[in-house]
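We did not get these values from a lab; they are worked out from the coordinates using the rules stated. In this text, all values refer to a predicted model and were calculated from it rather than measured experimentally. For neighbour counting, all protein chains shown are included, and Cβ atoms are generated from backbone atoms with ideal geometry for every residue, glycine included.
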Amino acid sequence: MDLAFIPSPSTGVVHLGPIPLRGYAFCIIIGVFVGVWLGNRRWVQRGGRSGTVADIAVWAVPFGLVGGRLYHVITTYEPYFGKNGHPLDAFKVWQGGLGIWGAVALGALGAWIGCRRRGIPMPAYADALAPGLAIGQAIGRWGNWFNQELYGKPTDVPWALKINPDPAIGRIGGTYHPTFLYESLWCLGVAALVIWADKRFRLGHGRVFALYVAAYCAGRAWIEYMRVDEAHHILGLRLNDWTSLIVFILAVVYMVVSAKKAPGREEIVEPEWQLGEGAQDADGAKGAGSATDGRDEKDEKGGKEPGAGADAPKAAGSSGGAKP
């Protein structure tokens with residue numbers, strides 16, 4: 001008998017009249033909002049304009065959702081295009097199935113388009129957004145809890161996840177490792193690590209984002225190994241394990257090469273905004289200086305030095321005060 005476990009919700013959707021409110025979608029949406037909010041704060045701290053992160057996210061988020069779904073459908077095509085598959089189910093995102101690798105890859109393309117339109121360096125934007133992405137993933141993983149999916153091997157530990165049986169999809173009830181929880185906690189740790197390293201070493205030029213990617217991959221590798229859902233295997237390892245390994249190596253290589261080629265952090269992250277502010281300040285200072293120069297020039301043309309008018313009455317008073 002299990003004395004303790006994490007219960008699963010009886011349903012992942014609540015109907016508000018004819019409108020279905022799905023827990024998976026809510027987790028994704030909340031994760032996006034939190035990630036953009038934190039990214040905006042970090043962007044402003046680096047000298048950028050408030051609202052720029054959200055403007056670019058308008059490009060990045062849709063691309064990311066499409067990329068995440070494409071990665072999932074391509075790497076797990078059997079339920080959609082295999083024998084007895086249902087192709088239209090590929091569009092049912094609310095049922096779960098967003099691959100983080102595809103989301104980051106295609107989301108990065110959308111962000112690049114947005115950055116290019118605003119004249120913003122993509123690496124600086126990615127650095128500002130990195131911790132928010134990790135926290136957004138931590139929140140989004142709870143969507144798997146609502147859908148009772150992506151759990152690990154059977155276990156009887158006190159924090160085991162209880163899964164309800166569902167013969168319609170071949171789901172066997174029992175208690176399993178809550179890999180969604182492991183990854184959620186790992187992502188929070190990654191966010192803390194990235195924020196600390198950024199402050200401690202003043203990382204820039206995309207190295208904050210690369211650290212986030214490397215740290216996430218390190219955790220995803222062992223968490224992926226625990227999962228029991230269907231997946232393609234190559235040389236005994238799940239496909240996502242190989243992806244984690246390759247992406248981890250690429251991220252580490254980028255950090256090393258970037259540190260040598262562009263040490264330090266960008267001084268200007270939003271040129272149009274920051275340089276425009278600097279120009280206004282310069283014009284204001286120039287205007288104040290011109291007014292002073294005008295007074296000095298007027299004094300010189302009058303044949304007297306500044307302050308001479310104030311001394312004149314004193315001189316006249318001295319003459320009037322002479323002894324008879």
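Per residue, the convex hull around the alpha carbon atoms of the stretch 126-225 comes to 98 Å³. Applying the criteria of a DSSP loop state and at most 16 other Cβ atoms within 10 Å to the trypsin sites (Lys or Arg not before Pro) of the stretch 187-274 yields 202. Net charge of the neighbourhood of residue 266, taken over other residues with C-beta under 14 Å away and scored Lys/Arg +1, Asp/Glu -1, is +2.
Rounded to two decimals, the Cα-based Rg/Rh of the stretch 181-235, with Kirkwood Rh, is 1.10.
Report note on the peptides 208-219, 166-177: ranked by the mean count of other C-beta atoms within 10 Å, highest first, their order is 208-219, 166-177. Kindly identify the stretch 70-182 as rounded, prolate or oblate by the Cα gyration tensor criterion: order the square roots of the eigenvalues as a ≥ b ≥ c, call it rounded if a/c is under 1.5, otherwise compare a/b with b/c, prolate if a/b is larger, else oblate. Oblate is the answer for the stretch 70-182, as a/c is 1.5 or above yet b/c matches or exceeds a/b.
For the stretch 22-66, what does the alpha-carbon gyration tensor say about shape, rounded, prolate or oblate, given a ≥ b ≥ c as the root eigenvalues, a/c under 1.5 as rounded, and a/b over b/c as prolate? In terms of gyration-tensor shape, oblate. What is the stretch 1-114 by shape, rounded, prolate or oblate, if you read a ≥ b ≥ c off the alpha carbon gyration tensor as root eigenvalues and call it rounded for a/c under 1.5, prolate for a/b larger than b/c, and oblate otherwise? Taking the square roots of the gyration eigenvalues as a ≥ b ≥ c, the stretch 1-114 is oblate.
Only one residue of 201, 170, 245 has its Cα farthest out toward the positive end of the dipole of the stretch 164-269, where Lys and Arg carry +1 and Asp and Glu -1 on Cβ, and that residue is 201.
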